[in-house]
Amino acid sequence: MATTAPRSSQLTLADLKGKVDPDWCPGCGDFGVLSAIEKALVELQIPNHNVVAISGIGCSSNLPGFINTYGMHTLHGRALAVAAGLKLANHELTVLVTGGDGDGFGIGGNHFVHSMRRNVDLTYIVMDNQIYGLTTGQTSPTSRIGMKTKSMPFGNIEAPVNPISLALAAGATFVARGYSADQKHLTELIKRGIEHKGFSFLDVFSPCVTYNHDNTYQWYRPRVKKLEDDPSYDPSVWITAMEKSLLWGEEIPIGRFFERTDVPSLHASEPVLNEGPLVHQDPRVPPEVARTFIEELM
Amino acid sequence: MKQTFAIGIGGAAGQGVATPGDIFAKIFSRRGLNLNAYNAYQSIIRGGHTFLTIRTGPEKVTNMGDRIDLFIPLNQDSMDRHLKLLSSGAACLYNADTIRPGPAADGVQFCPLPVSELADITRNKVAQNTIAIGAGLHMMGIGFPALEDVLQEQFKKKGAAVVTENMSVARAGYDYAAAHFTDFPNPLPKTENRYAILSGNIAMAMGGAAAGVKFYCAYPMSPSTGVLHWMAAHARKAGIMVRQVEDEIGVVNMAIGAAHAGIRSMCATSGGGFALMSEGLGMSAMMETPVVVINCQRAGPSTGVPTKTEQGDLWQMLGAAFGDYPRVIAAPLDIGDCFTLIPEIFNIADRFQCPGLVLCDLLLSEGRLSVHPRDLDFTPPIDRGELITTNNGAPSSVPTNGSYKRYKITESGVSPRAVPGVPGHIHTAATDEHMEDGVLISDEFTNPIKRREMMEKRMRKVAGIEAAVPPPVLCGPRDAEVTLIGWGSTKGVIEEACEILTEQGIPSNQLQIRWLVPLHGDAILEILKASRHTILVENNYSGQFARYLRSETSFVPDGHIRKYDGEPFMPHHIVEAVKEQLAGKTKLSVPMHEIMV
């Protein structure tokens, strides 16, 4: 992975502490996601100056401000597009994209689908709370049918998107679901996602304790079942991953649904990068090449 | 008057208008002649009607001109539409088997070609085009060998048999003209110069390569797509990453992401795509990550007329994205300038860490101009501004042990910019308002004092940008009777209108604006206050530049010449409008376009 600079010292959790403390509501699931990201980076020992956390807008998208890595807090829905540009310009960096379900599956839906089919080498962690939090509680693309919110006070009548099925259909090469309250499991998933060479998508249940009274910790705890607990589950088989992705109700699978390693990531398929990251290349067109550009017009 | 010669070729899309156009263009440029070409067409792949004008001459040819000397209609429709454009001395070459001439002005030479007698039309479907090229060249006084070379190149991919076939068909046309038609009185001259022929889109793409652009992305949109095509075709040789993105929102965000990593990044679109990009421009300004965005204007609003030209997006550019922020907007003056401007605007965008916007239009993007190779300089000055990068992992400046402030408040408003990967400079760039160290001041607490400081820091860059950009200059005699004001692509046609007016006893000068933001209002006002009669020429309905000029300077010109029919100005449109305005007939002239396509 992205470790070009010599490691002068061990990266510790203290090194990753951001300039300010998170401003999430007490009990918010996002604390658990931040913590798991930090643990994953420490376990992988990726120097923090080689990590970029990129987010859109929303409660969870404030995460880059709370972790001591390079960060970009971009526009609502646009984190994946920005991240793809940054990764292609310097593929030695480890790029984490973080945000919420509204940011990623609503306003950013187009970039979500296309980032997956392109297999850009990003780790995309969605803190999915099935609600719009920062705008004080409206229906999100993952809100269940019937859920009452300020924008749908008589109950949601639109079917929610299934992020796992969508990711599988769009060609994501790593698809997983985590649960913010299961730190150990989530940390492992994030580590695997970072190590995966290609687009890794992690949909993480991250309960909103203020606006979502349906999908609470109490609701999730008895339902989530780890795929890893079933020794016969093979995450390299797409069709069973798709079948598992449709399970929802009394039992909700979490864990690594799918991973394939035979598809090169976008930057690995681009011959322009044969000589290394763009940021290290000479910006000048060689004179003999420039001459051919002009001669073909004469 | 300059000596020029213009050919008009009309036909349906797919009938092969482009090939004779390319062949004539190559022959002219290899004779050391300048040329300017403009193709009037529609958004159709097969059918419809297109009309290509190629004007050539030994001196610089800045626009399509007023006169067609040789008209080659490839079908009856074109004959019916355009024969009336010809005046005495002009000639019309046509396939006598399929096309009937109509009434024409006195002194127009009809040159019917018996195509089926001269070529086997069952084998060669475009024989009429090749015969007409041969015949036309003879009438212009150009020897056959010039055509041989070009046909060889044009058809070599199709094999020797096709080359021989076309050669003999062209020869038949050449010889037929020698025996049956009267040559033009002045054979086309020859010079020792050699020119490159390029479109504005190619020029802007090459200008990007010369500026050191390493990342280009786009979504196809006429008339900007030519930039993408050149970039994609030359990406590997030039070492540029080129990506086609899902939409223009993705385009601008991806471009900014790449720029944020520390490379030069560019994208191009037209008005509709630019509208989708505007939120991203605000991000570039707020994060202080420079990016260059090209808008090739087409006739709007909405889908509008995708294949027609207009200068209708000025206010969109001026107002793109909400909030106040420093930006640079420049309009290239001609196709050569499309090349030169890109490295210049990159240097300013980089130095001042803000978006650089290029306001081009279809006339330049898709027009063709001969440019001297020395004007295509691939070693322009590159000024990346205060940029802190790594070179293969080693920091290029001393690590700051946590004291680095990405948005440090400085006198210039510019703060040294470290890119991700540099040890000791970790920070978050945010679209929310932030403090010097990048920490947000928008969410948990807001701070009017800090907000004001950051706003003023960013806006202080405006003064620096103004000093970095030259004010416009007046061209022509100071004491002229008329001053014509234009911006961007109208430079060439206004220049020629000034020459014609001056020859006709109305001394005229020209003030052409290239840098729209910053405008240098004081310098402009000083020039215009000393002018005797000012007329503003622009390719839009509402006088977008007139309104901008007034808002910045309070200056109101004496008159306006506007055109919003989708086609560019021709010199006589401006000349006649100036005369009617000087005669006191009107203050607003809207010339009628005579070429109907």
Legend entry - Unique match (being within 30 Å of residue B:138 (Cα to Cα) and either at the interface with chain A (Cβ under 7 Å from one of its Cβ atoms) or in contact with a Pro (Cβ under 7 Å, 6 or more places away or on another chain) (or both)) among B:196, B:209: B:196
Inset, instruction - Assess whether residue A:284 counts as being more than 8 Å from chain B (Cβ to nearest Cβ) and modelled with pLDDT of 95 or more. - result: no
Legend entry - Of the criteria (1) free of Cβ contacts under 8 Å to residues at least 60 places away in the same chain; (2) under 14 Å from the mean Cα position of the chain (by Cα); (3) surrounded by fewer than 23 Cβ atoms within 10 Å (Cβ to Cβ), which one residue B:202 fails: (3)
Inset, instruction - Name the single residue, out of those in the stretch B:73-121 being in contact with a Leu (Cβ under 8 Å, 6 or more places away or on another chain) and of a type in the set (Gly, Ala, Ser), that is surrounded by the most Cβ atoms within 10 Å (Cβ to Cβ). - result: B:91
Legend entry - Residue count for the stretch A:88-112, restricted to those that are within 14 Å of the chain's Cα centre (by Cα) and either more than 14 Å from residue B:249 (Cα to Cα) or more than 8 Å from every other protein chain (Cβ to nearest Cβ) (or both): 15
Inset, instruction - State whether the residues of the stretch A:151-171 include one that is under 30 Å from residue A:271 (Cβ atoms) and not in a helix (DSSP H, G or I). - result: yes
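From the list A:50, A:119, exactly one residue is modelled with pLDDT of 95 or more, out of contact with any His (no Cβ under 8 Å at 6 or more places or on another chain), buried (at least 20 other Cβ atoms within 10 Å of the Cβ) and on the phi > 0 side of the Ramachandran plot. Which is it?
Among A:50, A:119, only A:119 is modelled with pLDDT of 95 or more, out of contact with any His (no Cβ under 8 Å at 6 or more places or on another chain), buried (at least 20 other Cβ atoms within 10 Å of the Cβ) and on the phi > 0 side of the Ramachandran plot.
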Legend entry - First in the stretch B:316-336 and over 19 Å from residue B:468 (Cβ atoms), second anywhere and of a type in the set (D, E, K, R) and part of a loop (DSSP other than H, G, I, E, B), Cβ under 8 Å, 6 or more apart: B:320/B:327
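Conditions (1) surrounded by fewer than 24 Cβ atoms within 10 Å (Cβ to Cβ); (2) farther than 24 Å from residue A:37 by Cα; (3) without any contact (Cβ under 8 Å) to a residue 60 or more places away in the chain, marked per residue:
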position: A:127; (1), (2), (3): no, no, no
position: A:130; (1), (2), (3): no, no, no
position: A:156; (1), (2), (3): yes, yes, yes
position: A:172; (1), (2), (3): no, no, no
position: A:176; (1), (2), (3): no, no, no
position: A:184; (1), (2), (3): yes, no, yes
position: A:187; (1), (2), (3): yes, no, no
Legend entry - All positions within the stretch B:566-597 that are surrounded by 16 or more Cβ atoms within 10 Å (Cβ to Cβ) and in a loop (DSSP other than H, G, I, E, B): B:566, B:567, B:568, B:569, B:570, B:591, B:595, B:597
Legend entry - Per-region count, the stretch B:241-256, residues in a loop (DSSP other than H, G, I, E, B) and either of a type in the set (Asp, Glu) or at the interface with chain A (Cβ under 7 Å from one of its Cβ atoms) (or both): 2
Inset, instruction - Could you please find all residues in the stretch B:143-183 being more than 35 Å from the chain's Cα centre (by Cα) and loosely packed, with under 12 Cβ neighbours inside 10 Å? - result: B:159, B:160, B:161, B:179, B:182
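Quick one: is residue B:420 modelled with pLDDT under 95 and more than 27 Å from residue A:286 (Cβ to Cβ)?
no
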Inset, instruction - Looking only at the stretch B:278-292, decide whether some residue is outside any strand (DSSP E or B), under 29 Å from residue B:567 (Cβ atoms) and either away from chain A (no Cβ under 12 Å) or touching a residue at least 12 places away in the same chain (Cβ under 8 Å) (or both). - result: yes
Inset, instruction - Filter the stretch A:223-232 down to residues that are in contact (Cβ under 8 Å) with a residue 12 or more places away in the chain and assigned to a loop (DSSP other than H, G, I, E, B), then give me how many there are. - result: 1
Inset, instruction - Test residue B:464 against the stated conditions and say whether it is in contact with a helix residue (DSSP H, G or I) (Cβ under 9 Å, 6 or more places away or on another chain), more than 20 Å from residue B:328 (Cβ to Cβ) and surrounded by fewer than 23 Cβ atoms within 10 Å (Cβ to Cβ). - result: no
Legend entry - Matching residues in the stretch A:52-87 - criterion: being closer than 15 Å to residue A:110 by Cβ, touching a residue at least 24 places away in the same chain (Cβ under 8 Å) and either of a type in the set (A, V, I, L, M) or at the interface with chain B (Cβ under 7 Å from one of its Cβ atoms) (or both): A:78, A:79, A:80, A:81, A:82, A:83, A:84
Legend entry - Inter-residue pairs, beta-carbon under 9 Å, first in a loop (DSSP other than H, G, I, E, B) and in the stretch A:34-47, second of a type in the set (Lys, Arg) and surrounded by fewer than 19 Cβ atoms within 10 Å (Cβ to Cβ), 6+ apart: A:45/A:7; A:47/A:7
Inset, instruction - Scan A:142, A:136 and give me the residue that is crowded, with 22+ Cβ neighbours inside 10 Å and touching a residue at least 24 places away in the same chain (Cβ under 8 Å). - result: A:142
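Evaluate the stretch A:25-39: report whether one residue or more is facing chain B (nearest Cβ under 8 Å) and either out of contact with any Phe, Trp or Tyr (no Cβ under 6 Å at 6 or more places or on another chain) or surrounded by fewer than 24 Cβ atoms within 10 Å (Cβ to Cβ) (or both).
Initially, the stretch A:25-39 is screened for residues facing chain B (nearest Cβ under 8 Å), giving none.
The answer is no; no qualifying residue exists.
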Legend entry - Cross-chain or 6+ apart pairs with Cβ under 7 Å, the stretch B:243-255 first and in contact (Cβ under 8 Å) with a residue 40 or more places away in the chain, then assigned to a strand (DSSP E or B): B:252/B:267; B:252/B:293; B:255/B:215; B:255/B:217; B:255/B:265; B:255/B:266; B:255/B:267; B:255/B:291
Legend entry - Residue within the stretch B:439-460 that is within 14 Å of chain A (Cβ to nearest Cβ), touching a Leu at 6+ places or on another chain (Cβ under 9 Å) and not in a loop (DSSP other than H, G, I, E, B) present: no
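The values are calculated or read from the model by the stated rules, or taken from the named source; none is laboratory data. All values derive from a computational prediction rather than experimental measurement. When we count neighbours, we look across all protein chains shown, and the Cβ atoms used for this are built from the backbone with ideal geometry, even at glycine.
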